[in-house]
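Heads up, the thing below is written out as structure tokens.
The values are calculated or read from the model by the stated rules, or taken from the named source; none is laboratory data. Quantities reported herein were computed from a predicted structural model and do not represent experimental measurements. We place every Cβ from the backbone using ideal geometry, glycine too, and count neighbours over all the protein chains shown.
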């Protein structure tokens, strides 16, 4: 399976504990493409449609028509996980550079690399 940074896949995130995002849901590949090529794992951010608008600086809104998802959604950059590639299911979309720039900034905020 070929995986690129910026790809959106459905992935099975179970099992989970507490407030972690779970179930089969869309995820955004945020790992670099060298890791994506050679590692059996990928770093992803969960995506949800249960939030109407981005409410945190670690949230990035994505419209449904931009991603082939059923609903407008939000990338949760505070919900970053490493997954085995075997958890990835169907490829949904590849996000454009404009959204990835927002994702990069939200990752920096989430990891404390920049101050608000």
- Working carefully through the options 40, 15, find the one that is loosely packed, with under 11 Cβ neighbours inside 10 Å, under 14 Å from residue 83 (Cβ atoms) and at pLDDT 90 or above. 40
- Note on the structure: Subset of segment 79-100, residues out of contact with any strand residue (DSSP E or B) (no Cβ under 8 Å at 6 or more places or on another chain) and either modelled with pLDDT under 95 or closer than 13 Å to residue 62 by Cα (or both), comes to 96, 97, 98, 100
- Does residue 102 satisfy the criteria of being free of Cβ contacts under 8 Å to residues at least 60 places away in the same chain, surrounded by fewer than 12 Cβ atoms within 10 Å (Cβ to Cβ) and either over 11 Å from the mean Cα position of the chain (by Cα) or part of a loop (DSSP other than H, G, I, E, B) (or both)? no
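Have a look at 58, 48 and point out the one that is within 19 Å of residue 91 (Cα to Cα) and in contact with a strand residue (DSSP E or B) (Cβ under 9 Å, 6 or more places away or on another chain). Reasoning before the result, please.
Details: 58 fails: within 19 Å of residue 91 (Cα to Cα).
None of the others qualify; the one that does is 48.
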